Amino acid sequence: MTSWVDVVWYGDGAAARLARGALAPAALAYDVVTSARNAWYGRPGRARATAVPALSVGNLSVGGTGKTPVAGWCAARLRALGARPAIVLRGYGDDEPAVHRVLNPDVPVIATPDRLLGAERARAAGADVVVLDDAFQHRRARRIADLVLVSADRWRPDLTVLPAGPWRESPVGLRRATGVVVTRKAAGPEAASRVAAWVSRVAPGVPVATVHLVPDALVRADAHGEAVRLETLAGHDALVVAGVGDPRAFAEQVRGAGVRVTLRAFADHHPYTEAEVAALARAAGTRPVLTTLKDAVKLSPRWPRTAPPLWYVSQRVVVEDGGAVLDGALAAVLAARVRASVVPAD
């Protein structure tokens, strides 16, 4: 099922072009407002320091970039490098906090719209750095480094700002980023290279990295927790359920492993009803049901015992190019952590 929003933003037909044209005045007004807001926050003293040094992992667009796995990867790397990180996020839909707790069970997850308050709570929980998940537009909280993700799977050169397109702000906003991370799921390396070249034109001088979100293990979503390789299902039929920013990219990842896919797509953060869960279980028949971790944390507690097992596909972050961009952002946060821990002598 393709939503009307996807049709308007990404469609090539006459109706989609007409709808974008009709929304152009609203998009212009939105761009004026967001540009003025960014200019206001760009003045000295507008942003406030967080309780502990912060790394922001954010989006230019509305969903579908792989922000959650990349933010989780950053938290894991900071922990491996000796820091005590926490994840601070808005927690929209209640699924993202649960996902982060699965990705990093030993990392505190603080859900609050106020990132400054979240950083204070993180410090109280023992954290000495925070990863701000989805905070690029949350300008009130000062950050040490700003990583902004752009998806190669959904990018096209004529995209525009809301409501006529998916951009939360004009792409020139990328110029304030510490680094831009081009992510790809089903898209090939050539597509990622084209996006990286576009970023360099829009935001000259801002370093660019490329990350591949690779479908990794197939994990049983119930208490068994069994894990097998996704390729185990090559040549078999599967029902794929995805309520994420880009369901089609996820389905293409599964197809890439040789699985014959029937996709049931839902909107991002979809709150599954009991009736929908039962309908999905019936639709599966005898086929295995594959979903994302983001969907599994909502579906698994209500998945019928008589239905085929529910599995989620874990995503492995593979840095393909520009690893120094990510390393530099992490190093900057770690250096700020060291400075913050120094207590002046009396």
What about PRO308, is it more than 15 Å from VAL240 (Cα to Cα) and either open to solvent by less than 50 Å² (accessible area, probe 1.4 Å) or not in a helix (DSSP H, G or I) (or both)?
no
Which condition breaks for ALA164 when tested against (1) in contact (Cβ under 8 Å) with a residue 12 or more places away in the chain; (2) part of a loop (DSSP other than H, G, I, E, B); (3) open to solvent by 40 Å² or more (accessible area, probe 1.4 Å)?
(3)
State which residue is nearest to ALA257 (Cα to Cα) when the search covers only the range 316-339 and only residues that are open to solvent by 50 Å² or more (accessible area, probe 1.4 Å) and either modelled with pLDDT under 95 or assigned to a loop (DSSP other than H, G, I, E, B) (or both).
VAL338
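In this structure, is GLY72 touching a Phe, Trp or Tyr at 6+ places or on another chain (Cβ under 7 Å), open to solvent by less than 10 Å² (accessible area, probe 1.4 Å) and touching a residue at least 24 places away in the same chain (Cβ under 8 Å)?
Details: touching a Phe, Trp or Tyr at 6+ places or on another chain (Cβ under 7 Å): no; open to solvent by less than 10 Å² (accessible area, probe 1.4 Å): yes; touching a residue at least 24 places away in the same chain (Cβ under 8 Å): yes.
Taking the combined requirement at face value, the residue does not satisfy it.
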What single numbered condition from (1) in contact with a helix residue (DSSP H, G or I) (Cβ under 8 Å, 6 or more places away or on another chain); (2) open to solvent by less than 30 Å² (accessible area, probe 1.4 Å); (3) over 26 Å from LEU81 (Cβ atoms); (4) not charged (D, E, K, R) fails to hold for VAL182?
(3)
Within the range 247-285, take every residue that is acidic (Asp, Glu) and within 24 Å of ARG184 (Cβ to Cβ) and give me the one that is modelled with the lowest pLDDT.
ASP268
Quick check on the range 268-286. Is at least one of its residues in contact with an Asp or Glu (Cβ under 6 Å, 6 or more places away or on another chain), on the phi < 0 side of the Ramachandran plot and open to solvent by 30 Å² or more (accessible area, probe 1.4 Å)?
no
Flag if ALA217 is at pLDDT below 95 and open to solvent by 50 Å² or more (accessible area, probe 1.4 Å):
no
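Condition check ((1) closer than 22 Å to SER35 by Cβ; (2) in contact with a strand residue (DSSP E or B) (Cβ under 9 Å, 6 or more places away or on another chain); (3) open to solvent by less than 40 Å² (accessible area, probe 1.4 Å)) across all residues:
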residue	(1), (2), (3)
LEU116	no, yes, yes
ARG121	no, yes, no
ALA124	no, no, no
ALA127	no, yes, yes
VAL131	no, yes, yes
ARG140	yes, yes, no
SER151	no, yes, yes
TRP155	yes, yes, no
THR160	yes, yes, no
Number of the exception - VAL7 against (1) surrounded by 18 or more Cβ atoms within 10 Å (Cβ to Cβ); (2) part of a helix (DSSP H, G or I); (3) in contact with a Gly (Cβ under 9 Å, 6 or more places away or on another chain)
(1)
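The values are calculated or read from the model by the stated rules, or taken from the named source; none is laboratory data. All figures in this text were calculated on a predicted structure; none of them were measured in a lab. Virtual Cβ from ideal backbone geometry, glycine too; neighbours counted across all protein chains shown. We work out accessible area using only protein heavy atoms, side chains counted, and drop any ligands, DNA or RNA first. Shrake-Rupley method; radii C 1.70, N 1.55, O 1.52, S 1.80 Å.
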